[in-house]
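The next block holds one structure in the form of structure tokens; read it before the comments.
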Amino acid sequence: MSIPIIAVVGRPNVGKSTLVNRLAQIQDAIVHEQRGVTRDRSYHKADWNGRDFMLIDTGGIELSSDDAFGASIREQAIMAAEEADAVIFLVDGKTGAAAGDADVARILQRSTKPVFLVVNKMDTPNDDTAIHEFWALGLGTPWPVSATHGHGTGDLLDELVAVLPEVPPEEVSTEIGVAIIGKPNAGKSSIYNRMLGVERAIVSAIAGTTRDAIDTVLERDDVRYRLVDTAGLRRKSQIDESVEYYSFVRAMRAIDRADVALLIIDSFEGVTDGDQRVARFAEERGCAMVILLNKWDLLADDEARDDVLLQVSERLAFVGFAPVLRVSALTGRGMHRVYDAVDTVYASYTRQLTTSSINKLLSQLRETGHTVSKQGVSLRLQYGTQVRVSPPGFTFFANHPRLVDDNYRRFLENRMREAFDLTGTPIKLGFRQKD
């Protein structure tokens, strides 16, 4: 059984993301005065007095809206309330009850889940005169809080955890963090939905639809996966709006906490500079990687397909360790192989090699005579050991480590990949002087 879920719903701009950040003691949910910033559901783990739970930050519910995403936002918020164990209905104490609040209240009155009517922006302690008009919404006692200052949130959390279902202790299975990354409009949300088998993220043909990084945990064959659909990563100079900047930061944080990155490339467009930048971000942060060539079904002939594969081998050579899958999120082609690929590269990412096997390889390399020489001095690797996993890192003790250049580093990495199964993971090599 998974941990309990609390959904935070309400009209736009009432402070839902601010409250989520306050309750979870994080700064993950994007907070901005512009309406409609939060479009998809995003999940944030929290705890109170030893009770763990998940908060869902949702897009604002507007039953009548000119926003192109209005219907999808509304549907996402309603779905969040349906899957939650409790619901926080947030309203704005400064503006007072609005017609939109009554609309949302009517939806929530039909819910069988506990609903907490929370009046936000009550920034003056012990002054709750503004909450009285919210009794008319028919959802019971209004709870005055200030998400910005924290007033009233402790009492609210006490009541929230009291109604959450008890979770029996269970054996925790392996959890693999998977970040779905790529430039805007490459099909990341479609891949995400196909992997989940449900409509979880809002899918649109408009670049930049996903602004927050969205976490969803699912279990498959006794392995737990945390999937994160990230906003498309653009060149920093192209990030003009502050909202897009925060989306970029969230995407980078999602990569930082992921074990495996699924790099989504639009096959019809080919490998672009943007794809190279995104791959470089993930590689620099030490993620294992699988490359998914999405929209493969749109390529007209073998010549076009061969050209895309050539672009991958040439333009993404620096992540040549990553397996490449040809898929179509639209038709489902090749998607059945994605989880197997994630499992494979994660096994490499967490692999622990024995010291004896590493030094056996060094002995074999010495026999070949391949080394680096400079000014009459030759490099000799005398001993090696693994010093870390996730990703694997190795330290080699040498007589003259200063002689190691990029060419020799690549040579040694390639020989290690040939000798050991390190598919899909970067490896870190360090060289030290042997005493």
Item to check | Yes/no for Gln382 being in a helix (DSSP H, G or I) and either at pLDDT 90 or above or in contact with a strand residue (DSSP E or B) (Cβ under 6 Å, 6 or more places away or on another chain) (or both) | outcome: no
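Using the structure shown, decide if Ser267 is modelled with pLDDT of 85 or more, farther than 30 Å from Phe394 by Cα and among the polar types (S, T, N, Q).
yes
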Checklist outcome for this item: Scanning the stretch 135-147 residue by residue, those more than 11 Å from Asn120 (Cβ to Cβ) and either in contact with a His (Cβ under 7 Å, 6 or more places away or on another chain) or not in a loop (DSSP other than H, G, I, E, B) (or both) turn out to be Trp135, Ala136, Leu137
Next on the checklist: Which condition from (1) assigned to a loop (DSSP other than H, G, I, E, B); (2) over 28 Å from Asp221 (Cβ atoms) is the one that Ser390 breaks?
Outcome noted: (2)
Next on the checklist: Within the stretch 351-374, take every residue that is small (Gly, Ala, Ser) and modelled with pLDDT of 90 or more and give me the one that is farthest from Tyr408 (Cα to Cα).
Outcome noted: Ser356
Item to check | Where a residue in the stretch 95-115 is under 11 Å from Phe134 (Cα atoms) and open to solvent by 40 Å² or more (accessible area, probe 1.4 Å) and its partner, wherever it lies, is modelled with pLDDT of 85 or more and not in a helix (DSSP H, G or I), with Cβ under 7 Å and at least six apart | outcome: Ala97/Val91
Checklist entry - Residues of the stretch 5-27 being modelled with pLDDT of 85 or more, open to solvent by 10 Å² or more (accessible area, probe 1.4 Å) and over 21 Å from the mean Cα position of the chain (by Cα), which ones? => result Gly15
Checklist outcome for this item: Picking from Glu166, Glu175, Glu133, the residue that is of a type in the set (D, E, K, R) and either closer than 21 Å to Ile6 by Cα or open to solvent by less than 30 Å² (accessible area, probe 1.4 Å) (or both) would be Glu166
Checklist entry - Taking into account only those residues within the stretch 302-355 that are among the β-branched types (Val, Ile, Thr) and part of a helix (DSSP H, G or I), which is surrounded by the most Cβ atoms within 10 Å (Cβ to Cβ)? => result Val345
Next on the checklist: Considering only residues that are open to solvent by less than 40 Å² (accessible area, probe 1.4 Å) and at pLDDT 85 or above, which ones fall in the stretch 80-94?
Outcome noted: Ala86, Val87, Ile88, Phe89, Leu90, Val91, Asp92, Gly93
Checklist entry - Residues of the stretch 273-301 being open to solvent by less than 10 Å² (accessible area, probe 1.4 Å), free of Cβ contacts under 8 Å to residues at least 60 places away in the same chain and outside any helix (DSSP H, G or I), which ones? => result Ile291, Leu293
Item to check | Residues (among the basic types (Lys, Arg) and part of a helix (DSSP H, G or I)) located in the stretch 411-435 | outcome: Arg415, Arg417
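Applying the selection to the stretch 382-400, what residues are open to solvent by 10 Å² or more (accessible area, probe 1.4 Å) and touching a helix residue (DSSP H, G or I) at 6+ places or on another chain (Cβ under 6 Å)?
Residues satisfying the conditions are Thr385, Ser390.
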Checklist entry - Is the stretch 359-373 home to any residue that is open to solvent by less than 70 Å² (accessible area, probe 1.4 Å), within 27 Å of Val178 (Cβ to Cβ) and small (Gly, Ala, Ser)? => result no
Checklist outcome for this item: Scanning the stretch 319-367 residue by residue, the ones that are under 20 Å from Trp296 (Cβ atoms) and of a type in the set (Asp, Glu) total 1
Checklist entry - Given the conditions (1) touching a strand residue (DSSP E or B) at 6+ places or on another chain (Cβ under 6 Å); (2) in a loop (DSSP other than H, G, I, E, B); (3) not small (Gly, Ala, Ser), which single one is not true for Thr124? => result (1)
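Among the residues of the stretch 401-410, count how many are under 21 Å from Lys434 (Cα atoms) and either in a helix (DSSP H, G or I) or open to solvent by less than 10 Å² (accessible area, probe 1.4 Å) (or both).
Of the residues in that region, 6 qualify.
The values are calculated or read from the model by the stated rules, or taken from the named source; none is laboratory data. Only a predicted model underlies this, so the values are computations on that prediction, with no experimental measurement involved. No Cβ is skipped: glycine too gets one built from the backbone with ideal geometry, and neighbour counts run over all protein chains shown. Just so you know, the surface numbers come from the protein's heavy atoms only, side chains and all, with ligands and any DNA or RNA stripped out. Shrake-Rupley method; radii C 1.70, N 1.55, O 1.52, S 1.80 Å.
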